[in-house]
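Chemist: Right, I'll just put the structure down here and ask away after.
Laboratory data are not the source of any read-out in this text; all were calculated from the coordinates shown. Note that the structure is a prediction, hence the values are computed from the model and not measured. Cβ placement follows ideal geometry from the backbone for every residue including glycine, while neighbour counts extend to all protein chains displayed.
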Amino acid sequence: MIAVIIVTYNSSDVIRNCLESLALSEGEALRIVIVDNASTDETIHLIKEWAAERPMSFEEMPVQAERRPTAKCTLIRSDVNVGFAGGVNLGIEAHMKDSECDLFWVLNPDCEIEVTTAAAFRNCAESSSIFALMGSRILYREAPGLIQSDGGCVGRWTGICQNVNQGYQPEEVIRPKAEALDFISGASMVASRNFIETVGLMREDYFLYFEEVEWAARRGSLPLILCDKALVHHHGGTAIGTGSVTRRASPFALYFNYRNRMRFLSHVRPLALPVSCMASLARIIKLALQGAWPEAWAALLGLFQLPPPKAVRSRLSEKAAELAFGR
């Protein structure tokens, strides 16, 4: 059985469509666990309303429940925003207690899936027998038909992450070989139970961005795999302002991206830090020359591990900001 872990934060504009697409899945049993990171909008109301309208079991569990989830759809409400990895880990920990769940599908709330995607993941998992993380092609919803990701690669000396084939039409490109990839996009990635039991959960000190990159880097000899028959559609950055082919990333997103790039390299490739710093500075200068001063300033502070701009810190509650930035 596949456990689908969805971390929500002010996701009222997208969560219903995501859940509806999962409910329409054919050929594979799913257990859905939604971990809400202290949303202040209508997200919780819409989740409960959606569940009440469907002939499926639904339960709400405390964050540190001792028992395993038993319903088809479970809601875990955190009283503080613990970040992306913190939310994912809560969902994984809950369903690791369920021996029937052998695949753990991390899915963003602004994603919608094809009815055959879950079954395709199951078939690939069974044919591969052993793997760390599995991904698929992800298409943009806001730029219909364009590829967002066919998996990801990390610059060896820059630490800059690139989504393979991003911005291209599917017929224009060749799918990459899984062995050429460094990570699977956190928007939609399937982890095997064996991988989680071997390497552990995601690191939570990043708070946002690079968690899935670091997770994949710990996989050792366990391979990444791609499922060609699975397809996911992703709005991208609806809550945090992630950049896309049609828009620039927000200061909030840029701060974490630049900060965590350096943290990631300090963990896995410290000799690359000087080169990465220079490459990052070049990008920041380009932002400034384009007149994107708030974005450039946030990226610069993140790059040098300094406290964020007030506008970035104020987007999180006091408790969440302490987790993300320290006191």
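Chemist: Peptides 280-287, 142-149: what's the order by average Cβ count within 10 Å, highest mean first?
Modeler: 142-149, 280-287
Chemist: For the residue pair E60 and T116, what label-to-label distance in nm results when each label sits 7 Å from Cα along the Cα-to-beta-carbon direction?
Modeler: 3.9 nm
Chemist: While we're here: From the Cα gyration tensor of region 1-101, with a ≥ b ≥ c the square roots of its eigenvalues, which class applies: rounded if a/c is under 1.5, or else prolate if a/b is larger than b/c, or else oblate?
Modeler: oblate
Chemist: Can you count the Lys pairs in the chain whose Cα atoms are under 28 Å apart, with each pair 8 or more apart or on different chains?
Modeler: 8
Chemist: Moving on to the next point. Taking the Cα centre of each part, how many Å lie between region 266-327 and region 11-55?
Modeler: Spelled out, the Cα-based centre of one part sits 33 Å from the other.
Chemist: Order of S185, S12, S276 from fewest to most other C-beta atoms within 10 Å?
Modeler: S12, S276, S185
Chemist: Another question, if that's okay. Of all DSSP beta bridges located in the chain, what percent are antiparallel, nearest 5?
Modeler: 35 percent
Chemist: Also: Which length gain, in nm to one decimal place, applies between R68 and E318 when the Cα-Cα distance is subtracted from 0.36 nm times their residue separation?
Modeler: Value of the extension gain: 86.9 nm.
Chemist: When V275, V88, V14 are ordered from fewest to most other Cβ atoms inside 10 Å of their Cβ, what list results?
Modeler: Arranged by neighbour count, lowest to highest, V275, V88, V14 become V275, V14, V88.
Chemist: Tell me, what is the percent relative contact order of region 251-325, built from C-alpha pairs under 8 Å that lie six or more residues apart?
Modeler: RCO, region 251-325: 41 percent.
Chemist: In addition: Apply the a/c threshold of 1.5 to the C-alpha gyration tensor of region 177-327 and tell me whether it is rounded, prolate or oblate.
Modeler: Verdict is prolate for region 177-327.
Chemist: Multiplying the sequence separation of I130 and A311 by 0.36 nm and subtracting their Cα-Cα distance, what value in nm do you get?
Modeler: Separation in residues times 0.36 nm, less the Cα-Cα distance, equals 60.7 nm.
Chemist: Rounded to the nearest Å, what's the spacing between the alpha carbon centres of region 59-80 and region 120-147? Just the number, please.
Modeler: Centre-to-centre (Cα) distance: 27 Å.
Chemist: Which three extents, in angstrom, do the Cα atoms of the chain have along their principal axes, listed largest first?
Modeler: Here the Cα extents, ordered largest to smallest, are 55, 44, 37 Å.
Chemist: Report relative contact order for the chain in percent, whole number only (criteria: Cα-Cα under 8 Å, sequence separation at least 6).
Modeler: 18 percent
Chemist: Shape verdict for region 251-325, please, from the Cα gyration tensor: rounded (a/c under 1.5), prolate (a/b greater than b/c) or oblate.
Modeler: Note, shape of region 251-325 comes out oblate.
Chemist: While we're on this one: What do you get for the angle between helix 117-128 and the principal long axis of the chain? Use alpha-carbon atoms, 0 to 90 degrees, nearest ten.
Modeler: Helix 117-128 and the main axis of the chain meet at about 90 degrees.
Chemist: On to the next question. Please name which of N89, L316, F58 has its Cα lying farthest along the dipole of the chain towards the positive end, using unit charges on Cβ (Lys, Arg +1; Asp, Glu -1) and the Cα centre as origin.
Modeler: Most positive-ward Cα: L316.
Chemist: Subtracting the Cα-Cα distance from 0.36 nm times the residue separation, let me have the gained length for L273 to K48 in nm, one decimal.
Modeler: 76.4 nm
Chemist: Helix 83-96 against the longest principal axis of the chain: what's the angle in degrees, Cα atoms only, rounded to the nearest 10?
Modeler: 30 degrees
Chemist: Take each of the peptides 164-177, 125-138, average the number of other beta-carbon atoms within 10 Å over its residues, and list them starting from the highest.
Modeler: 125-138, 164-177
Chemist: Order these peptides, 100-109, 22-31, by their mean beta-carbon neighbour count within 10 angstrom, highest first.
Modeler: Top of the packing list down: 100-109, 22-31.
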